[in-house]
Each structure stands twice: as C-alpha cells, then as structure tokens.
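Below: the structure, in structure tokens.
None of the figures in this text is laboratory data; all of them are computed from the coordinates on show. Owing to the predicted nature of the structure, the values given are computational and were not obtained by experimental measurement. We place every Cβ from the backbone using ideal geometry, glycine too, and count neighbours over all the protein chains shown.
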Amino acid sequence: MTALRHPVRRLLAPLVVVLAVAGCAGTTDADNSTNRQPESRQTDGPGDSDSSGQMKDDISSAVKSIETYWTSFFEAQGGQFSPVKDVFPYDSPSDGNCGGEAFAQNNAFFCPSGDFIAYDEIFLSREYRDIGDAFVYYLFGHEYAHAEQAALGISHRLTIQHELQADCMAGAYLGDSVRAGSLEIEDGDIDELLDSLALVGDQPGVPWFAEGAHGSGEQRTQAFAAGYQGTSAGGSSLNTCFQTF
C-alpha cells in the first residue's frame with residue numbers, strides 16, 4: 001500500500017460491484033478465532049526472513065498512519081487522542097491474557113482492560129503471505145477502531161453491531177487517508193482488501209444475533225465500503241459509521 005496508481009472513482013468501483021457476491025466467501029474472523037480450525041503452527045522457513053521483516057515494517061507503518069488519522073479526528077473535535085499502550089505479537093496462548101482470558105490462536109484483538117492490541121504473529125504472517133500488505137492495514141484499522149469505540153464510550157447491545165461499526169471505521173480511516181493523500185494505493189490493494197473482508201466473515205449458519213457474531217463476508221464488506229466511500233460535512237467519513245451503526 002504505497003504508490004497511488006488509480007483515480008479514486010476507479011478505486012471504489014470494485015468495492016461496489018463485489019457487494020452482491022462477497023457473502024459467498026466468508027471463512028475466518030480475525031477477532032473471533034473459533035470460526036477457524038487451528039492449523040499446523042510452523043515458524044517461517046528458510047528464505048522467509050525478508051517477508052517477516054517487511055511485514056513488521058508494514059505493521060509499523062499501518063499503526064503510525066492509523067494513529068495520525070485518529071489524532072486529526074480528535075483534534076478536529078477539540079479533544080486529544082490517546083494511543084493504545086502497546087501493539088505486540090504473541091506466539092501461543094501462554095504468552096499473556098486479557099482480563100483473565102488467555103490469548104487465542106489465529107486471532108488479533110483489542111484488549112480494553114490492558115489497553116493494548118495483540119496479534120498472533122504466525123496467523124498474521126500466513127495471511128500476509130497469502131493476501132498481501134493491505135490485510136495489515138485493514139486488520140489494525142479494525143482493531144484500533146475498537147480502541148476508539150472504547151475511548152468514545154460507544155457500546156452496542158449486539159456484538160455484530162459493534163463489529164460492523166469497527167469495519168466501517170476501518171473503511172473510513174482508509175478512504176479518508178487515501179483521499180487526503182496520506183495513504184497511497186498500489187495495484188492489487190483493492191483485491192487484497194476484498195480478500196481480507198471475505199476472510200473474516202462468519203461461517204455460514206452463524207445467526208446475526210449470536211453472541212460473538214461479526215457478520216457475513218457480505219455484511220462486513222458492505223460496512224467497510226460504507227465507511228470507505230462515506231463523506232460528511234465535517235470532512236470525516238467516521239460520521240457515516242456513527243450514524244449507521
């Protein structure tokens with residue numbers, strides 16, 4: 001996610017077209033690892049060190065751009081942004097806990113009680129390799145959205161509303177950042193974002209009202225697209241997310 005190659009109107013077209021078909025591809029939820037069967041946990045093999053280093057650089061760049069975005073948002077509201085205390089990887093459930101709950105494999109999450117974002121490094125490395133760097137920007141945009149929901153005092157009765165709003169907020173961050181020129185899109189990034197949203201959709205058969213439901217691939221793509229394409233008089237697409245969810 002570096003070089004701007006597409007005009008914004010061309011950039012958005014695939015997001016609109018895919019809404020009708022995205023629901024067919026949901027598999028994993030990055031916030032809810034129970035939707036995915038654990039896979040063999042192997043460390044990177046020979047020749048993968050360059051990819052690992054690049055992923056860490058992309059994580060650092062993504063977090064920095066997200067924090068810059070939220071700093072601007074709070075300043076525009078007359079407030080002050082406070083970043084999460086830490087963003088860090090883990091390799092196994094024994095590496096830590098959130099509110100007494102052990103870390104889960106194949107997961108990434110914001111922990112309100114510890115004010116941190118943690119991610120399974122093996123899970124993220126696999127999806128980074130399979131999807132691309134746009135997955136990193138979406139994933140951390142979504143998790144940081146949960147941190148800001150907490151900071152803003154936003155809560156929802158249903159988990160799915162909370163998760164879809166976070167998807168919308170991640171879309172707002174990316175869309176506003178692209179339009180402002182602080183993030184640049186390169187060839188393939190939109191496909192990577194769509195693959196990311198398909199990946200994190202609930203498995204078929206998960207009721208929308210179930211505790212822990214995050215939404216189908218189609219629902220999550222719609223929420224992300226609403227934020228990405230949303231605009232407001234105040235110049236932030238986040239208002240679209242606050243008004244819709």
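Compare the Cα positions of Gly230, Leu158, Gly96 along the charge dipole of the range 89-245 (+1 at Cβ of Lys, Arg; -1 at Cβ of Asp, Glu; about the Cα centre) and return the one farthest towards the positive end.
Farthest towards the positive pole: Leu158.
What's the FRET efficiency of Lys64 with Ser94 using the Cβ-Cβ distance as r and R₀ = 30 Å, to the nearest 0.05?
Calculated transfer efficiency: 0.50.
Counting only residues 5 or more places away or on other chains, whose amide H sits under 5 Å from the amide H of Cys98 once H atoms are built in the peptide plane?
Close amide H contacts, sequence-distant or interchain: Phe103.
Which whole-Hz couplings ³J(HN,Hα) result when phi for each residue of the range 132-142 is put into the Karplus expression 6.51 cos²θ - 1.76 cosθ + 1.60, θ = phi - 60°, listed in order with x for Gly and Pro?
x, 5, 4, 4, 4, 5, 5, 4, 6, x, 5
How about the range 112-208: which trypsin sites (Lys or Arg not before Pro) there are in a DSSP loop, with at most 12 other Cβ atoms within 10 Å of their Cβ?
Taking the range 112-208 and a limit of 12 other Cβ atoms within 10 Å, the loop trypsin sites (Lys or Arg not before Pro) found are Arg157.
Does the range 90-235 come out rounded, prolate or oblate by the C-alpha gyration tensor, with a ≥ b ≥ c the root eigenvalues, rounded set by a/c under 1.5 and, if not, prolate when a/b is larger than b/c and oblate if not?
Since a/c stays below 1.5, the shape of the range 90-235 is classed as rounded.
So between Gln203 and Ala180, what do we pick up on full extension, going 0.36 nm a residue minus the alpha carbon distance?
Contour length minus the Cα-Cα distance gives 4.7 nm.
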